[in-house]
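Single-structure report; data block below.
The values are calculated or read from the model by the stated rules, or taken from the named source; none is laboratory data. What you see is a predicted model, and the numbers here were worked out from it, not measured in a lab. Cβ placement follows ideal geometry from the backbone for every residue including glycine, while neighbour counts extend to all protein chains displayed. Note: areas computed on protein heavy atoms with side chains; ligands, DNA, RNA excluded. Shrake-Rupley method; radii C 1.70, N 1.55, O 1.52, S 1.80 Å.
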Amino acid sequence: MGKKKFLTWSLLLLLLVSTALFGCSSDNGSEEGGSEGGSTEEKTLIFGRGGDSVSLDPIAVTDGESFKVTKNIFDTLVNFGEQDTEIEPGLASEWTPSEDGLTYTFKLQEGVKFHDGTDFNAEAVVKNFERWAAGDGEKFPYYGSMFGGYGDDEGHVIESVEATGDYEVVFTLKRPQAPFLKNLAMSPFAIASPTAVEEAGDSFGDNPVGTGPFKFVEWKRNDTITIEKFDDYWVEGEPKLDQVVFRAIPDNSARLNALLSGEIDLADGITPSDAGTIEGDDNLQLFERPSMNVGYLGMTVTREPFDDPKVRQAVNHAIDKQAIVDAFFEGRAEVAKNPIPPVISGYNDSVEDYEYSPEKAKELLAEAGLADGFDMELYAMPVPRPYMPDGQKVAEAIQKNLADVGINAEIVSFEWATYLEKAANGEADAFLLGWTGDNGDADNFLYALLDQDNVGTNNYTYYENQELHDVLIKAQSEVDEDARNELYMQAQEIIHDDAPWVPLAHSTPLLAGGKNVMNFKAHPTGSDKLASVDLE
Amino acid sequence: MLHYIGRRLLQLIPVLLGMTFIVFMIIRAIPGDPAQVILGQQASEEAIKALRTNLGLDNPWYIQYFDYLKGLVTGDLGESLRTRTPVVDEVWPYLAATIELSLFAIIIAVVIGINAGIISAWFQNSWFDYLAMIIALIGVSMPIFWLGLMNQWIFSIELGILPTTGRENVRDPVDVITGFYVLDTLMAGDFNQLSTVLKHLVLPGTALATIPMAIIARMTRSSMLEVMRSDFVRTARSKGLSMFWVVYKHALKNAIIPVLTIIGLQMGLLLGGAILTETIFGWPGIGRYIYEAIGFRDYPVIQSGILIVAFIFVMINLIVDLLYGLVDPRIKYD
């Protein structure tokens, strides 16, 4: 009995394997060949990326991978420019701010439909904001952080949102908020169908309904998200594609392989060292995402000897940033001298960067009474980020630079979550980190990263300066653009003198795609609207 | 026999309980606050505090642990901190993907490994024997990620016969019924898709199979060599029986027991190798599910994921133990 069964099983297994091998040899070619795969003539774009989305309800999440998809399912009241963060009309065709900056009247597009067939109107906008304001930090994290809180919270900026007509909405603010419009253009504040939200309840994140160019079809977790053309999209002639599939391929090299074999049409997160391969391939093209980030070396100013500005300035002089950018960013980054990248309005170009000069560094160290140098720990990022492609190697370069001026830095690294926690607790002497902007506003860099209000959260350096704080707070409610930029210029001077950071680089994240991908424009925020993208 | 199975299943309880406790303690010992990770760098301190309270992370560890156990008893594996979905509801597709891949891999490993081992033993010290054992040695020492990327390069980019990543042709997706795509396409009667799905299995499957295949081949070879020196095989050979008959009818069943043990152990280890394989081949399986959960300090997912894997591991061992009796009736259970 036993042996017979065993034999039968072996036979079965053999059969299965031969079927598998047969499968390999029968070459039906549908796998390769870019966009026209399959028998249909549908234009399907396959977008390969590093990770899956967390939820497709944009207001409920903070991760970039989620926004990459929701940006195409939902629209916002106002939009960012094609490749910048200037404000343009979106679901709102025009808007008028009051002189005191306290009310904004929006005229809405008419004839816009949600994917479920319901009408988009003023009432829908009101309902969305009511939903968010009634939430909390856990449900809608971005709402609170961009609009100062929820409901009756003291800091909550939005006093009321009222429909003053079918297609007119008035926002009343408690105090002027300069980046108000830029906030509204952010992906999380996309307008969802109130009917669908009500029906889906907690599962709205799995069944998103917006007014965007594509409607949601299917989500296979950790694998693919499929969206398809919304025929009633309100923008004439868009979208061009019939379908977009977002595919998660975590390994960078494997993603590039998938692009090379034609299984995907676009690949996100191309490592700078692979750029050459792509440029040398006639079937591929390289896309550069305009830089809206900063990679930096932070020094915890509460720890000795970094409590002395002279030491921090010395470190600034000691590091050869150009060499770092050339070596580890493959030149695809700009050397940074301010905490904000130059694309952001308010950038202070007259700040004179600390030149690379080991002699000056030594002088400053001597002035600080540390002529013999000192020992320190240097935290190296364990994960690649657009603003820091290889933390370990950058740390080694910095270690060498510091050794030249007598500072003995020991490189340490932790797993990412631990790394952030230890840095936030102020346990690092100096650490590598970076930031990608959310809304293209200077406030989102300078206040978020260097103000005393954010010590222990995003201000990992524990740097506090009352003068800087006053300037930044003033700028938050300054509605006049020029006056506001003036304040940010001032802020950058202060930060430059106090030198809590060594700003290292503003990198250019890279994407690659097949030659047949047309009209793709990478957006600095990291989420790209694919409405006007086409396949040849 | 039933008595034996019952006892083995009862033994499972303390094993799995110990497992939950160890995993629970270890993941809480590593620093990194889930609330912070979930809310991201942008979050305010109040938001983090509120979330911690809401997730029950403020409670002392033993209360959290007992809450977790209480849930387990009722079949509740907890809710993913990141996606806010009950783990029970979201784990199946990942699990199915991994099981399908592992089964495919173990079939390749067993069929090729055992046969290579047999042939090597039969033609001991022949060129085939040396070649097979050299390949086996390389197979054991080959890093999966390197092998995986090389295979992608050769078979997908250069030869264009196999897909690099994923489970299906996303331009023509499979309609999911059970989560096992081979089964789903068979049920739908779509042989075109079945072939596509099998093609997708080949590269990750062979990458995952390499190490167990090599180990099984070596084990079969040495075990067969021993058996073939015994009297009954010599008798069978002297009677003039064909090689096939001697090996598969007489020798193999006596040589198979240690090989079975190795197969059982290797199947358990496959689940470990799956994390790397799944990452390189973009395979949406449970290895990656757990791995990503670790990055997010998603405690319920890590706990449940490891628990499920441990459960499967123990079950495989049980099945292997039962197979001993099937293959060799002299082995009795009591």
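Quick look at the values:
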quantity	calculated
Surface per residue (accessible, 1.4 Å probe) for the stretch B:219-334, Å²	43 Å²
Overall Cα dimensions of the stretch A:186-293, principal axis frame, Å, largest first	50, 32, 30
Test item: B:245-253 mean partner chain Cβ contacts at 10 Å	2
Per-residue ³J(HN,Hα) for the stretch A:272-284, Karplus 6.51 cos²θ - 1.76 cosθ + 1.60, θ = phi - 60°, Hz, x for Gly and Pro	x, 6, 8, 4, x, 4, 5, 5, x, 9, 5, 8, 10
In sequence order, calculated HN-Hα J values of the stretch A:228-242 (Karplus, 6.51, -1.76, 1.60; Hz; x Gly/Pro)	10, 3, 9, 5, 9, 4, 6, 8, 3, x, 10, x, 7, 7, 8
Sulfur and carbon atoms: percent of accessible area, chain B [1.4 Å]	70 percent
Whole-percent carbon and sulfur share, accessible surface of chain A, 1.4 Å	47 percent
Low-density loop positions, GluC sites (Glu not before Pro), the stretch A:114-178 - DSSP coil, at most 15 other Cβ in 10 Å	A:GLU154
Extension gain from A:ALA134 to A:GLU334, taking 0.36 nm per residue of separation minus the Cα-Cα distance	67.8 nm
Per residue value of the accessible surface for the stretch B:1-74 (all protein chains in place, 1.4 Å probe), Å²	60 Å²
Where a label projected 7 Å from the Cα of B:LEU183 along Cα→Cβ would reach, residues of the stretch B:306-329 with amide N under 17 Å	B:312, B:316
Cleavage-rule hits, trypsin sites (Lys or Arg not before Pro), the stretch B:147-213, DSSP coil, Cβ neighbours within 10 Å at most 12	none
Size-normalised alpha-carbon gyration radius of the stretch B:92-327, reference 2.2 N^0.38 Å	1.13
Residues listed by number, the stretch A:448-462, amide nitrogen under 11 Å from A:THR302 label point at 7 Å toward C-beta	A:455-457, A:460-462
Theoretical FRET efficiency, 1/(1+(r/R0)^6), r = Cβ-Cβ of B:TYR130 and A:GLN83, R0 60 Å, to 0.05	0.45
Under 5 Å, built H, 5+ apart or other chain: amide partners of A:SER93	A:LYS107, A:LEU108, A:GLN109
Buried area at the B-A interface (accessible, heavy atoms, 1.4 Å probe, summed, Å²)	5400 Å²
Extension gain, B:SER222 back to B:ASP76 (0.36 nm per residue minus Cα-Cα distance, nm)	47.9 nm
Average other protein chain Cβ within 10 Å of Cβ, residues B:167-175	6
Trypsin sites (Lys or Arg not before Pro) restricted to DSSP loop in the stretch B:292-334 with at most 10 other C-beta within 10 Å	B:ARG330, B:LYS332
Pairwise FRET efficiency - A:GLU288 versus A:THR418, Cβ, R0 = 30 Å, nearest 0.05	0.40
Extended-chain gain in nm, criterion 0.36 nm per residue less alpha-carbon gap, A:GLU159 and A:LYS113	13.8 nm
Inter-site label distance for B:ILE319 and B:LYS239 at 7 Å from Cα along Cβ, in nm	3.4 nm
For the stretch A:293-507, accessible area per residue (1.4 Å probe, heavy atoms of protein chains only), Å²	37 Å²
Per-residue ³J(HN,Hα) for the stretch A:391-399, Karplus 6.51 cos²θ - 1.76 cosθ + 1.60, θ = phi - 60°, Hz, x for Gly and Pro	x, 4, 6, 4, 4, 5, 5, 5, 4
FRET efficiency estimate (nearest 0.05) - Cβ-Cβ, B:ARG8 to A:ASP470, R0 60 angstrom	0.25
In nm, spacing of pseudo-spin labels at A:VAL351 and A:GLU236 (7 Å Cα→C-beta vector)	4.5 nm
Pairwise label distance in nanometres, B:GLU46 with A:THR96, each label 7 Å out on the Cα-Cβ vector	3.5 nm
Between helix B:191-228 and chain B: long-axis angle, C-alpha atoms, 0 to 90°, nearest 10	50 degrees
For the stretch A:353-465: rounded, prolate or oblate by the Cα gyration tensor [a/c cutoff 1.5]	prolate
Using distinct alpha-carbon pairs, which all enter the 1/r mean, Kirkwood radius of the protein assembly as shown in Å	30.0 Å
Sequence-distant residues sharing a close amide H with A:SER413 (under 5 Å, placed H)	A:ALA380
Among B:114-120, A:494-500, B:183-189, the order from most to least packed when residues are scored by Cβ within 10 Å on average	B:114-120, A:494-500, B:183-189
With Cα atoms, 0 to 90° folded angle of helix B:61-73 axis to chain B main axis	60 degrees
